[in-house]
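The values are calculated or read from the model by the stated rules, or taken from the named source; none is laboratory data. Since the model is a prediction, treat every value here as computed from it, not as a measurement. Here the Cβ positions follow ideal geometry from the backbone for every residue, glycine too, while neighbour counts run over all protein chains shown. Calculation scope for accessible area: heavy atoms of the full protein, side chains included, ligands and nucleic acids excluded. Shrake-Rupley method; radii C 1.70, N 1.55, O 1.52, S 1.80 Å.
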Amino acid sequence: MNIFYPLKKALILRSLNKRRNAHPFLPDEAENYTMPADADEHQNNSYYFSCHNAAGNSLLVRHAQRGPKSVEVWFAYRDAAGRAVMSGRQLYPAGEEPSAVKCVEPGAEWAFSYDGEAQALSTGQPMRAKLDATFIASGGIFEFGHDVDARIMADAIAREKWSRAFFAELQSNDQVHYEQPGRVKGTLELDGESAAIDLPAMRDHSFGKRDWNYMNKHFWLMALMEDGRQLNANMVSYPVLKLTTGYYLDGGRTVCVEQAHIEGIVKPHGVPESFELTVSLADGRTLKAACRCEEVFPFPFADGAYTIYEGVGAFELEGARGRGVMEFGWNRDPARCV
């Protein structure tokens, strides 16, 4: 480790705390964020709903503005019998997207919908999908810019080589990102066959710059356990920074993830069938989760420059079962995936 690391970490920690105090997170303002009219194509306003139960049902919906002219859309569903369907198109001109989101009450309730084409993942058979759903929060918001332990952020930044260009890149790629646990209820119709939806869920909202080709790779693991606990671990590699964040929610108490590691074969452009996730928490505990992927929904971006493989599957944590997301993202350039 560089001999200047302790000083660098102290300087960054002081800067982060000063910034957080000067610019507090305002939930009502964030919930009602509006894309600026002059935003460029790399500006992002993304809403994501991820719903999973122990029986084997998973529902994923994402509605994300890309500048003022385009909208990225995800729709994916896997039922307990293993039938999987997803939207085959991810980018629409603004005003033509088949998805919608609406804030009913900030920090408490959101309505979202999808009404458009879909296809069976195994056969490619086209079908019509229609979803009307409501997210009701069951816990508070975790905003990464303010709720992640500042020491974790300071450690990651202090380990890098500093320059004016380094800090300029950090600043230009800054964004707001927050998550919240809850429950989703509604109705899903596939080719005229209607079913009620009632699933444990997590939603996230992010806005700011997101250039897909800027990312080297990322792993995101999110487990909704049957006993109500939630584990979230993020590992992302950018050209100038490697960062691990996340949190463990248990009985209303949230503890930050300090480190995360995946044991198993992780090949570019895919999701391992099974692997073990180990996380170190800020309170000194270590958790190990056994992960088994059941289905993968691929979502390419920026003309294939970056692809997200949205895996869904089962988790086992300290004897308890759960389900959730195993998201692996990879840059098209193999040299950037190491």
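With each label point set 7 Å from Cα along the Cα-Cβ vector, what nm distance links D250 and M127?
3.9 nm
What residues qualify as long-range amide H neighbours of G311, i.e. H under 5 Å apart, gap of 5 or more or another chain, H built at 1.01 Å from N?
Excluding prolines and chain starts, which carry no amide H, the hits are F297, M326, E327, F328.
Any idea what log10 I(q)/I(0) is at q = 0.27 Å⁻¹ for the stretch 19-88, Debye with uniform C-alpha scatterers and no solvent?
The computed values of log10 I(q)/I(0) come out as -1.12.
Along Cα→Cβ, 7 Å out, is where each label goes; now give me the distance between the ones at E276 and D174 in nm to one decimal.
Between E276 and D174, the simple spin-label model gives 4.0 nm.
Using only alpha carbons, build the gyration tensor for the stretch 177-273 and give me the equivalent ellipsoid semi-axes, biggest first, whole Å.
Over the Cα atoms of the stretch 177-273, the ellipsoid semi-axes are 28, 20, 15 Å.
Highest mean first, how do 155-162, 248-255 rank when packing is the count of other Cβ atoms within 10 Å averaged over residues?
Highest-to-lowest ranking by the protection proxy: 155-162, 248-255.
Over the chain, average the accessible area per residue using a 1.4 Å probe and give it in Å², no decimals.
Heavy-atom accessible area per residue stands at 46 Å².
How big is D for the chain, in µm² s⁻¹ as a whole number, if Stokes-Einstein is applied with the Kirkwood radius of its Cα pairs at 20 °C and 1.002 mPa s?
104 µm²/s
Compare the peptides 52-61, 327-336, 80-89 by average per-residue count of other Cβ atoms within 10 angstrom and give them in order, highest first.
52-61, 327-336, 80-89
Can you give the log10 of the normalised intensity I(q)/I(0) at q = 0.11, 0.12, 0.13, 0.20 Å⁻¹, computed with Debye over equal Cα scatterers of the stretch 1-160?
Result of the Debye calculation: -0.64, -0.73, -0.82, -1.23.
Give me the percent of the accessible area of the stretch 1-140 that comes from carbon and sulfur atoms, probe 1.4 Å, all protein chains in place.
Of all accessible area on the stretch 1-140, carbon and sulfur atoms account for 52 percent.
Measuring from a point 7 Å past the Cα of H261 along Cα-to-C-beta, which residues in the stretch 273-299 have an amide N at less than 15 Å?
What the label zone holds, given the 15 Å backbone N cut-off, is 276-281, 285-289.
Semi-axes of the equivalent ellipsoid for the stretch 45-122, please: Cα gyration tensor eigenvalues, times 5, square-rooted, ordered largest first, whole Å.
Computed over the stretch 45-122, the values are 23, 18, 8 Å.
Could you run the Karplus curve 6.51 cos²θ - 1.76 cosθ + 1.60 with θ = phi - 60° over the stretch 98-115 and give me ³J(HN,Hα) per residue in whole Hz, x for Gly and Pro?
Calculated HN-Hα couplings, in order: x, 10, 8, 9, 8, 7, 7, 8, x, x, 9, 8, 9, 10, 8, 8, 9, 8 Hz.
What is the distance, in nm, between label points placed 7 Å from the Cα along the Cα-to-Cβ direction at R83 and at N21?
5.8 nm
Hey, what do the phi angles of the stretch 209-215 turn into as Karplus ³J(HN,Hα) couplings, whole Hz, using 6.51/-1.76/1.60 and θ = phi - 60°, x for Gly and Pro?
Here the 3J(HN,Hα) series is 6, 9, 9, 4, 6, 6, 7 Hz.
Compute the separation of the alpha-carbon centres of the stretch 163-207 and the stretch 280-338 and state it in Å as a whole number.
15 Å
Residue by residue through the stretch 13-22, what is 3J(HN,Hα) from phi via Karplus (6.51 cos²θ - 1.76 cosθ + 1.60, θ = phi - 60°)? Round to whole Hz and write x for glycine and proline.
4, 5, 5, 5, 5, 5, 5, 4, 5, 6
Less than 21 Å apart at the alpha-carbon level, and either on another chain or at least 8 residues along: which lysines does that give for K69?
Cross-link targets: K102, K209.
Per DSSP H run of n ≥ 4, the term is -39500 (n - 2.57); total these for the chain, divide by its residue number, and report the mean residue ellipticity at 222 nm rounded to 500 deg cm²/dmol.
Here the helix-only value at 222 nm equals -4000 deg cm²/dmol.
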